[in-house]
Amino acid sequence: MKIAGRALIMGDNVNTDVLHPSRFFSLDDRTVRAGFLQAAAGFEQAGTSDLTGRVVVAGDNFGCGSSRETGARAFLLAGVQAIVARSLARIFSRNVRNLGLPAVECPSLPALAPDTEVEIDLARGRLRAAAPALDLPLVPLDPFWLAVLEAGGLLPFLGLGEPAGPRPGASLPMYRGGP
Amino acid sequence: MTPETLPETLTEKILRRSAAAPIVTGSELLRIPVDLVLGHDATIALVIERFKRAGRRIWDPSRCFFAADHFAPPSTPERADILRRYLAFIADQSIPDDLVYRGISHQLLIEDRRCQPGMVICGADSHTVMAGALGCFACGMGSTDILALLLTGEVILPIPESIRIDFEGALPEWLFGKDLALEIIRQLGEGGAVDRALEYHDRTRHGLPMESRFTIANMAVEAGATNGVFVPDDALRRYLTERDGASGPLPGFEGAWLEPDPDAGYVRRLCIDVGELCPLVALPGDLSRIVPAGEAEPSSVQQVFIGSCAGGRLEDLAVAARVLRGRRVAPGVRLVVTPASQAVFHACVRNGILDVLTAAGALVTNSSCGACGGIDKGLIGAGEVCVSTSNRNFRGRMGSNDGLIYLASSATAAAAAVTGRVCDPREVLDGQRLRGFHREPWPAAERTSGGAA
């Protein structure tokens, strides 16, 4: 029902060259994984450290810039469970959802301390935390994106291929907007 | 517009011509048939294995506009392998290979008869938006979206609302598309146009040169826009007549001459008097700090890059040659020049522009993406400063995480090459060098005067 994890905190206008520098562009998943956050100041260890289960919590316009899908794939390979940002860049948000990774927007998201425990309740469309105490609304996902996440990505949704990753959205009853 | 329909923006008009029903009940996303799909060696390589597993053919190989521009030629053994797989895929799928090694895919698109107004064009690269200067819907996307498109002939998109941008006034000789593109981003902000279309109306006194329009549309994505589209006008008609000749578009690639309805609804409007602007630079790191070039901290510069789909056209190289003719690149600066396509390269050879630039000390590389994406031939090291005519100044984009990138027009970039520091190009222009530039970027008088310092 819910995705809970320790937050990886990122700022505003974090672009895809910072999230995944082009020198890590590769068809080899080990190289793609090693490039995760390799131009983001303070995340020098992210290419090798264990980030399984983490939830990326970011500011405005997260993922702006290039369309290189290796950047989105690196999140999947690093074991990130979900992304929540004040707002998401268009191509990047499509790329991660197309791979089956939930990416949602929370416009009222405040600045959080590193490693804050957060919970994304996709069924009710809420972002919650205990310390600090938060219970904030998410922007409802379009029914198309709900269906894509439930299928495990765009290709399985269209019947054109298998899920790219572990299907974090597949077993989750999703928030469909409305009261 | 019929009485039953609401007035439409240009983007709405293009997409609603062909859009079918919502992809799922209640969704704002529609299935939209695509006229042309742009691809290149890097991002298409990411789809090949999944494509093979799907066990189907491409819906229409003739509508694949596939270049080789990232790893062309390759600079590592792995990239050689990626390029080889990509070329084998093209051959196996009977995709036209006439664009391979001819230059940057986005530049090839606007030079090609297959790209026409009114079309829906999607590409496996964010700068596909540049083709919107030709009055079409052009939008970039990631590899999984492109894979689905190759198999189905459709993309799944919402129809974006539009921000209308009117250009007015008279364009000064020392002002270019890059300055206007930066001014738009300065006003909208980096994410100010996410999920929106930018609709440009050229109402300037003499009209914006097409080459400047390409740069403006190219950088629509830097404000987060889905697409940027110029309203078709006489300048576009002249461009297409010259480009396509009497024969016009290829059969099956006719497009449509569409305009927005006069009373179309816009979510926001900007009016930019181009006569009141000064040369701008984007300060290093991102596009959130855009300032007059003369007000930037006058950092000393180690590299100037004139190239990319945003700043490697004939106009860009001609203005650089005008600034550099009879001068030398400052000591301690390397000037890297990468014509955006072979057509641009050949035109610059014919006109003596490359003579002038190389005589001034420029290093000229083959037409490809090169230094812009930190791929090869012009990367920067820790602590180095680069003034670039490309479209992104992001941390690590052109090499070291500790290098600094300023974005500027090629006039401003060439001025930095001469002085060795970031400055307003008017500081080094004597008032004669750019006279008449927008009418005739590289007049015969410049060609015969030679490049020797």
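How far is it, in nm, from the label point at B:GLU276 to the one at B:ASP81 when both lie 7 Å from their Cα along the line to the Cβ?
Placing both labels 7 Å beyond Cα along the Cβ direction yields 5.7 nm.
Once you keep just the Cα pairs under 8 angstrom separated by 6 or more residues, what percentage relative contact order results for chain A?
22 percent
Between the helical axis of B:234-244 and the dominant principal axis of chain B, each derived from Cα atoms, what acute angle in degrees is found, rounded to the nearest 10?
Relative to chain B, helix B:234-244 is tipped by roughly 90 degrees.
Describe numerically, in nm with one decimal, the distance between label points set 7 Å from Cα along Cα→Cβ at B:ARG268 and at B:THR152.
Inter-label distance under the simple model: 3.1 nm.
I'd like the Karplus ³J(HN,Hα) series for the stretch B:359-375: coefficients 6.51, -1.76, 1.60, θ = phi - 60°, whole numbers in Hz, and an x wherever there's a Gly or Pro.
With the stated coefficients, the stretch B:359-375 comes to 4, 7, x, 6, 9, 9, 10, 6, 5, 5, 6, x, 5, 4, x, x, 7 Hz.
Where Lys and Arg each count +1 and Asp and Glu each count -1, what net charge lies around B:PRO298 among other residues with Cβ under 15 Å from its Cβ?
On the way: positive: B:ARG421, B:ARG426; negative: B:GLU295, B:GLU297, B:ASP424, B:GLU427.
Counting the neighbours of B:PRO298, the net charge comes to -2.
Summing +1 for each Lys or Arg and -1 for each Asp or Glu, what net charge is found among the other residues whose Cβ lies under 9 Å from the Cβ of A:ASN13? Kindly include the intermediate steps, with their values, before the conclusion.
Numbers: positive: none; negative: A:ASP12, A:ASP60, B:GLU190, B:ASP286.
Combined, the nearby Lys, Arg, Asp and Glu give -4.
Which trypsin sites (Lys or Arg not before Pro) does the stretch B:150-214 hold that lie in a coil by DSSP with at most 11 other beta carbons within 10 Å?
Working: sites: B:ARG164, B:LYS178, B:ARG186, B:ARG196, B:ARG203, B:ARG205, B:ARG213; in loops: B:ARG203, B:ARG205.
Sparse-neighbourhood loop trypsin sites (Lys or Arg not before Pro): B:ARG205.
In the protein assembly as shown, what % of DSSP beta bridges are antiparallel (nearest 5)? Can you show the working numbers first?
Working: 25 of 80 bridges.
DSSP beta bridges in the protein assembly as shown are roughly 30 percent antiparallel.
Averaged over its residues, how many other protein chain Cβ atoms are within 10 Å of peptide A:86-98's Cβ atoms? Don't skip to the answer; put the middle values down first.
Working: counts 1, 4, 4, 7, 16, 11, 2, 2, 6, 5, 2, 1, 7.
Per-residue shielding by partner chains comes out at 5.
What is the distance in Å between the Cα centres of the stretch B:45-79 and the stretch B:294-309?
One Cα centre to the other: 34 Å.
Is it possible to state the helix-based mean residue ellipticity at 222 nm for chain B, with each DSSP H run of 4+ residues giving -39500 (n - 2.57), the sum divided by total residues, to the nearest 500 deg cm²/dmol? What is it? Mind showing how you got there, number by number?
Numbers: 15 runs with 131 residues, N = 453.
So the calculated ellipticity at 222 nm is -8000 deg cm²/dmol.
Given a 10 angstrom Cα cut-off, can you work out which residue in A:ILE83, A:ILE120, A:ILE91 is the most mobile in a GNM of chain A?
For chain A, modelled as a Gaussian network with Cα springs under 10 Å, the answer is A:ILE91.
Can you list the residues, at least 5 places off or on another chain, whose amide H is less than 5 Å from the amide H of B:LEU157, using H built in the peptide plane?
Amide H to amide H, under 5 Å and 5 or more residues apart or across chains, B:LEU157 pairs with B:LEU30, B:ILE32.
What is the spin-label model distance, in nm, from B:ALA91 to B:ARG17 if the labels are put 7 Å beyond Cα along the C-beta direction?
Label at B:ALA91, label at B:ARG17, 3.7 nm between them.
Roughly how tilted is helix B:77-92, in degrees to the nearest 10 and between 0 and 90, from the longest Cα axis of chain B?
Once rounded, the angle reads 40 degrees.
Using modelled backbone amide H atoms (1.01 Å from N, in-plane), which distant-in-sequence or interchain residues come within less than 5 Å of B:VAL385's amide H?
Long-range HN contacts for B:VAL385: B:GLN302, B:GLN303, B:LEU404.
How high is the relative contact order of chain B, given as a whole-number percent (alpha carbon pairs under 8 Å, six or more residues apart)? Walk me through the numbers on the way to the answer.
On the way: 1106 pairs, mean separation 74.9, N = 453.
Relative contact order here is 17 percent.
Can you work out ³J(HN,Hα) from phi for every residue in the stretch B:109-121, in order, using Karplus 6.51 cos²θ - 1.76 cosθ + 1.60 and θ = phi - 60°, giving whole Hz and x for Gly and Pro?
4, 7, 8, 10, 5, 6, 9, 10, x, x, 6, 9, 10
No value in this document is a laboratory result; all are computed from the given coordinates. These figures come from a predicted structure and were not determined experimentally. In this analysis, Cβ positions are derived from the backbone assuming ideal geometry, glycine residues included, and neighbour counts consider all displayed protein chains.
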